[in-house]
Amino acid sequence: MRLNTRMGEYGGCFVSETLMYALEELESAYLNILPGTEFQAELAEYMTKFAGRETPLTFCRNMSRELGCRVYLKREDLLHSGAHKINNALGQALLAKYMGKKRLIAETGAGQHGVATAIAGAVLGLKVDVFMGDIDIERQALNVSRMKMLGARVIPVSSGTRTLKDAINEALRDWVAQVRDTHYLIGTVVGPHPFPLLVRDLQSVIGKEARRQIFEAEGRLPDCIVACIGGGSNAIGIFHAFIGDPSVRLFGVEAGGEGLDAKHGATLCGGRPGVLHGNYSYLLQDAFGQILESHSVSAGLDYPGVGPEHAMHKDSGRVTYQAVTDTEALEAFLYLSRTEGIIPALESSHAVAYARKIAPALKKDSILIINLSGRGDKDVETVNRYLEMGS
Amino acid sequence: MNRIEEVFQKRKTGLLMTFTVAGDPDYDTSLSIMRALLQGGADIIELGLPFSDPAADGPVIQQADQRAIESGMNTDVFFRLVSEFRKESDIPLVVLTYTNLILQREIAKFYQDAANAGIDAVVVADLPYEEAGEYIGAAEQAGISPVMMVSTTTSPERLSRILSVKSGFIYLVAALGVTGVRREVNPEALRYLEMIKQATSTPVAPGFGISDREQVQEWFRAGADAVIVGSALVRLIGENLDSRQEMNRKITACVRELKE
């Protein structure tokens, strides 16, 4: 590898020797193809004319009045496909095409990354196979149909926990067997180097836009930014442009599930460092290092690992990591829908829930940005079930 | 010189290295399976220390890992099992596992405990050369042979760096993809073996996808010092869970046939 593979002490390349060839090849594409003028121009074209960038930074009048500070939403929910995942999927798919790859494989939990990859594959003429745990296939049926309609093959994963973690294992197994013509389009800032860097760079467009937009709207930096964290790609995407601004407080919100003393997916809040899926980062694991099952009402946050860059920011204290429970997220889902007329993804609802918690302590003119990473159409079934149980 | 170096130095024919998962399907049966492997004439026994997320393994070994973990296998129990078997036999013992299990025990302690239990070499499926420094150092400190993996996708530059490590043997990944039975020997892998043999005097043992006597013989003819057979044996365990006796008889017979 030509670059430092570590982010602080985290990250690295913990993969079988067979995959080192593919990672070296990808790193070389990251260094030589990605920054090229031709590639950047083509990607920008897809981002604006196809995916719908830039996304608005919406000032929320009702929420601001109720919460007592100035609340903005970065509207990644308005992107084609309905979530920020498309930023990464289009970028990597185009890179794969420049690299001469014929086939994309991807893992998916909530299905948003699978849909984004299926879209990218369709528009760029690449074959797409998506690995998805059979539990997730059941709870995200809408996205499964969308992937199929887009021409992707959805391969059910029935090993292990039958969710995102095992979908990644299965994608890694496929990649190692077909490493020469296939690109593994990983959906978040996890995996071996250079994936955490590559995905971060492709998602950092969120923060770059938000920074410019908040200056246009308010003439100054925000005070707080809140984003949800499963693997952590939308959070890194919006945080990255503000890391160097110490006055901006950054909050990463993990899936507290049924509570941190029960089943949850809050890796940074409730885990400790270890190696999974090619990188060294925080993990939910037992005393011997066996990986534990995570839990969240939102499939996209149901993962026992987290991106190594977040592990670094946790240790340095630059980002504050907290968790909200399933119930709090569900309440925030309804709150944003009814207060602002925007149905958020259950993942993003975690960020909304946490913003509601910290807002009372802020001043009236404090600026708070919530990264609204995706829209909630895919979650209406889940939320309906919750409402029926409550009534 | 440890047992692994000795067995390669003294070898007159190609060696058969068997792979099974420790604790599959349970502690006692696992011990009896090791005896059955010995009886069949295995030259080196490689044991998997099972991991919940074995991304380098195919379905057969994944299921074995799962069975073992469910029956209570963990790193403590693993070392106990190895120590118990070590009282009965002087056969070289290799452990194959994943990085996190070594890391969570603390690297130096893992290798020391492994040495105390009677293990001779350690292979780590998800630890390439770049990440391996501290692990190799700890292995050498404990008198354990580190084992480096090489694949047909390994470039000549990487190969020469990997060969600079003093390995107990080189584990040649003989098929792209995960562990599991393949019908034929990959000619690219055979050519790759020749290339490694020209570059080093360290013994080379291909594994992944090798399941029958013909394939084993083909590798020996091509110059392999040892051949690793795993999934074929692990499958026999999975298929004979209702009769331990039958399981052990078939395992012994299978090893015997592979050795012929």
> How many residues are open to solvent by 10 Å² or more (accessible area, probe 1.4 Å) and either out of contact with any strand residue (DSSP E or B) (no Cβ under 8 Å at 6 or more places or on another chain) or assigned to a helix (DSSP H, G or I) (or both) if we restrict to region B:78-101?
Replying inline: 9
>> Restricting to region A:166-185, name every residue that is within 20 Å of the chain's Cα centre (by Cα), within 13 Å of another protein chain (Cβ to nearest Cβ) and open to solvent by less than 10 Å² (accessible area, probe 1.4 Å).
In response: A:Asp166, A:Ala167, A:Ile168, A:Asn169, A:Ala171, A:Tyr184
> Between residues in region A:2-29 that are facing another protein chain (nearest Cβ under 8 Å) and residues that are part of a helix (DSSP H, G or I) and of a type in the set (S, T, N, Q), which pairs lie under 8 Å by C-beta distance while being six or more apart or on different chains?
Replying inline: A:Phe14/B:Thr99
> When you scan region B:130-145, how many residues do you find that are more than 8 Å from chain A (Cβ to nearest Cβ), open to solvent by 10 Å² or more (accessible area, probe 1.4 Å) and part of a helix (DSSP H, G or I)?
Replying inline: 9
>> Looking at region B:178-229 only, could you name the residues that are free of Cβ contacts under 8 Å to residues at least 40 places away in the same chain, in contact with a strand residue (DSSP E or B) (Cβ under 7 Å, 6 or more places away or on another chain) and closer than 22 Å to B:Pro59 by Cβ?
In response: B:Ala189, B:Pro206, B:Phe208, B:Ile210, B:Ser211
> What is the number of the single condition among (1) among the β-branched types (Val, Ile, Thr); (2) surrounded by fewer than 24 Cβ atoms within 10 Å (Cβ to Cβ); (3) in contact with a Gly (Cβ under 7 Å, 6 or more places away or on another chain); (4) not in a helix (DSSP H, G or I) that A:Val189 does not meet?
Replying inline: (2)
>> Among the residues of region A:294-305, are any modelled with pLDDT of 95 or more and in a helix (DSSP H, G or I)?
In response: no
> Among the listed residues A:Ile243, A:Ile236, A:Ile225, which satisfies the condition of being open to solvent by 10 Å² or more (accessible area, probe 1.4 Å) and among the β-branched types (Val, Ile, Thr)?
Replying inline: A:Ile243
> Is one or more of the residues making up region B:146-160 outside any helix (DSSP H, G or I), in contact (Cβ under 8 Å) with a residue 60 or more places away in the chain, within 14 Å of chain A (Cβ to nearest Cβ) and surrounded by 24 or more Cβ atoms within 10 Å (Cβ to Cβ)?
Replying inline: no
> Restricting attention to region B:12-38, which residues are at pLDDT 95 or above and of a type in the set (D, E, K, R)?
Replying inline: B:Asp24, B:Asp26, B:Asp28, B:Arg35
>> Name the residue that is surrounded by the fewest Cβ atoms within 10 Å (Cβ to Cβ), counting only residues in region A:266-288 that are hydrophobic (A, V, I, L, M, F, W, C) and more than 8 Å from every other protein chain (Cβ to nearest Cβ).
In response: A:Cys269
>> Residues that are in contact with a Gly (Cβ under 7 Å, 6 or more places away or on another chain) and of a type in the set (Gly, Ala, Ser), at least 1 per element: which strands (runs of 3 or more DSSP E) completely within region A:90-177 meet that?
In response: A:103-108
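For (1) without any contact (Cβ under 8 Å) to a residue 12 or more places away in the chain; (2) open to solvent by 20 Å² or more (accessible area, probe 1.4 Å); (3) of a type in the set (A, V, I, L, M), each residue gets a yes or a no:
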{"residue": "A:Leu43", "(1), (2), (3)": "no, no, yes"}
{"residue": "A:Thr55", "(1), (2), (3)": "no, no, no"}
{"residue": "A:Thr58", "(1), (2), (3)": "no, yes, no"}
{"residue": "A:Leu73", "(1), (2), (3)": "no, no, yes"}
{"residue": "A:His84", "(1), (2), (3)": "no, no, no"}
{"residue": "A:Gln92", "(1), (2), (3)": "no, no, no"}
{"residue": "A:His113", "(1), (2), (3)": "no, no, no"}
{"residue": "A:Val123", "(1), (2), (3)": "no, yes, yes"}
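The values are calculated or read from the model by the stated rules, or taken from the named source; none is laboratory data. Predicted, not measured: the structure shown is a model, and the values here were computed from it. Neighbour counts run over all protein chains shown; Cβ positions are idealised from the backbone, glycine included. Surface areas here come from the heavy atoms of the whole protein model, side chains and all, with no ligands, DNA or RNA. Shrake-Rupley method; radii C 1.70, N 1.55, O 1.52, S 1.80 Å.
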